[in-house]
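Input: a single structure, listed below in structure tokens.
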Amino acid sequence: MRVPIVLVHGLRTSRTMWRPQVAALEEQGRTVVAVDLPGHGSRRGEPFTLGRAVETVRDAVDSVGAPALVVGLSLGGFVSIAAAAAYPRRVAGLVAAGCSARPVHGWANMYRIPTALLDRLPDRGQSVNERFHRLTLPAEGAEAVLDGGLAMEVGRAVIEEITDLDVLSLLSAYPGTVWLVNGARDHFRIHERLFLEACVDGRLLVVPRAGHMVNLDQSEIFTRLVIDAADAVAGRSAVREEEGGSER
């Protein structure tokens, strides 16, 4: 049995950022879907709310056949954690990447200020962000991000929605296995030990020579981690089914 996989993107990006993973997983014959969150990608113009984002993950899981392994990066990681806590029976396992930082008010202020400054630019910082991705990511990774467009306009709404999210409580409410995956150079790993302690069944994996966009900085390593997580979840599900059958 193979567990289907749902991929959830980060702030301002879209489902295209998962292109390397989707290609590799489909090549293996695995069922995988990458979603666009409200206000991003094909859904630009829609208002972003955490509730709608969680519903997007839930609907994607249902579309591929629950339960599924949910994989989220950055904003997608926070959304995936919230979805796992809300719908634990639908989420067979969780990979939360690039989101091991508590989104408290001090954290949010670090992003409110640059977001406000970018909003004052004629293109709301589009060209600055495009250059940043081209400079910091491998060429194919940058194209994967930029092909879906950058939703610069959604930044403020996302920050306000995420600021009061009690991520640690949500993690502790989810009974399944959580893989916390961070790039070694990622500034979003500052609370990774707290996140690990909050998990009922947690694993912490730090990827060398990778920054925040760990799935693109080290795409082959990250894809391997996702595959290993999916296989582990499938193996545990098979064992539970056998144990349940023997009890009957």
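Just so it is clear, none of the values below were taken in a lab; they were calculated from the coordinates. Predicted model only: the values in this text are computed from it and were never measured. Please note: Cβ atoms are built from the backbone with ideal geometry, for glycine as well, and neighbour counts cover all protein chains shown.
Please give the net charge around Gly183, taking every other residue with its beta carbon less than 12 angstrom from that of Gly183, where Lys and Arg add +1 and Asp and Glu add -1. Once all neighbours under 12 Å are counted, the net charge is 0.
A full extension of the chain between Glu153 and Leu135 corresponds to an added length of 4.3 nm, given 0.36 nm per residue minus the alpha carbon distance. Summing charges over all other residues whose Cβ lies under 11 Å from the Cβ of Val33, with Lys and Arg as +1 and Asp and Glu as -1, gives -2.
In this simple spin-label model, placing a label point 7 Å from the Cα along the Cα-to-Cβ direction at both Arg89 and Arg102 gives a separation of 3.3 nm.
The ranking of His191, His40 from fewest to most other beta carbons within 10 Å of each one's beta carbon is His191, His40.
Of all GluC sites (Glu not before Pro) in region 1-84, which ones are in loop regions per DSSP and have a Cβ with at most 10 other Cβ atoms within 10 Å?
Listed in order of number, the matching sites amount to none.
Taking a sphere under 15 Å around the Cβ of Val79 and counting the other residues whose Cβ falls inside, with K and R at +1 and D and E at -1, yields a net charge of -2.
By the count of neighbouring beta-carbon atoms within 10 Å, fewest first, Arg209, Arg203 end up ordered Arg209, Arg203.
Which percent of the Cα-Cα distances in the chain go past 30 Å?
The answer is 20 percent, as a whole percent.
Exposure proxy for Ile159, Ile190: other Cβ atoms within 10 Å of each Cβ, ordered fewest to most, give Ile190, Ile159.
By the combined test of axial Cα extent (at least 27 Å) and Kyte-Doolittle hydropathy (mean at least -1.0), the qualifying DSSP H helices of the chain come to 219-247.
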